[in-house]
Amino acid sequence: MSDKLISKLEAATRQLDTAISLWFTNSDIISIHTLACSAYQIIHDINKKKGHRDLLYDSLVVKDEYRHEMVNLLKKNYNFLKHAEKDPDHLIEFDESSTEVFILFSILGLELLGIRHNDIRDAFIIWDAIKNPERLTEKGRKQFIDNIPPESIEQALNLNRSEFFDRFKLFRS
């Protein structure tokens, strides 16, 4: 597909991959967050149209009466970064903690749409699995960590994001 004619899903996938690449190189977190949230919003909307549920904004683990409050909290930074018509002089204490969550749920949303991982998304998932194994279910551990030799996991734990990404790309090429 040419750069002049793209689908919403192609745009979201490209935004997500760019956000992840920038995240791995410790680039500007504001740009990363904006790209990740934009990608997530498109992926969420397409999943919702297709009848899929349980991404961030419509998670089945959140009671409906608290959903609006939760979504507003999740969107707080993103809305600040994309709108200025009501409050052009407003300041915000930017909380980057949700950026990785938007990236992870964007990847999950793409999976629900049948889009396979690429190397960039694989790198993010493996990095997150190695750094946060306690968040994985048994199935997640089997899928993402159990195939990795323990010495490779130990080496990865001693790398920063950028070093990990460089080595991951070398390994995959």
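The values are calculated or read from the model by the stated rules, or taken from the named source; none is laboratory data. The structure presented is a predicted model; accordingly, all values stated were derived computationally and were not measured. Reconstructed Cβ throughout: ideal geometry from the backbone, glycine too, with neighbour counts over all protein chains shown.
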Worksheet entry | Selected residue (only one of Lys8, Lys50 is at pLDDT 95 or above and more than 15 Å from the chain's Cα centre (by Cα)) | Lys8
Discussion item. Need the failing condition index for Lys76 against (1) basic (Lys, Arg); (2) farther than 24 Å from Ala11 by Cβ; (3) surrounded by 10 or more Cβ atoms within 10 Å (Cβ to Cβ), just the number.
Written reply: (2)
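Restrict the check to region 84-94 and report whether at least one residue is surrounded by 11 or more Cβ atoms within 10 Å (Cβ to Cβ), part of a helix (DSSP H, G or I) and assigned by TED's automatic domain parsing to the domain that holds Ile20. Steps first, please.
We begin by selecting, within region 84-94, every residue surrounded by 11 or more Cβ atoms within 10 Å (Cβ to Cβ); these are 92, 94.
So of that shortlist, the ones also part of a helix (DSSP H, G or I) come out as none.
No, region 84-94 contains no residue that is surrounded by 11 or more Cβ atoms within 10 Å (Cβ to Cβ), part of a helix (DSSP H, G or I) and assigned by TED's automatic domain parsing to the domain that holds Ile20.
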Worksheet item: Taking region 142-159 only, how many residues are outside any helix (DSSP H, G or I) and in contact (Cβ under 8 Å) with a residue 12 or more places away in the chain?
Response: 2
Practice prompt. Hey, could you check region 114-173 for residues that are among the small types (Gly, Ala, Ser) and in contact with a helix residue (DSSP H, G or I) (Cβ under 8 Å, 6 or more places away or on another chain) and say which is farthest from Ile46 (Cα to Cα)?
Written response: Ala156
Worksheet entry | Meets criteria (surrounded by 14 or more Cβ atoms within 10 Å (Cβ to Cβ) and either out of contact with any Asp or Glu (no Cβ under 9 Å at 6 or more places or on another chain) or free of Cβ contacts under 8 Å to residues at least 12 places away in the same chain (or both)) for Ala123 | yes
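Going by the structure shown, is Val71 surrounded by fewer than 15 Cβ atoms within 10 Å (Cβ to Cβ) and among the β-branched types (Val, Ile, Thr)? Before the answer, list the steps.
Values: surrounded by fewer than 15 Cβ atoms within 10 Å (Cβ to Cβ): no; among the β-branched types (Val, Ile, Thr): yes.
Considered against the rule, which asks whether it is surrounded by fewer than 15 Cβ atoms within 10 Å (Cβ to Cβ) and among the β-branched types (Val, Ile, Thr), Val71 comes out as no.
Working only within region 1-37, note down all residues that are part of a helix (DSSP H, G or I) and more than 15 Å from Ile107 (Cβ to Cβ).
The initial filter retains those residues of region 1-37 that are part of a helix (DSSP H, G or I), namely 8-24, 29-37.
Matches in region 1-37: Lys8, Glu10, Ala11, Leu22, Ile29, Ile30, Ser31, His33, Thr34.
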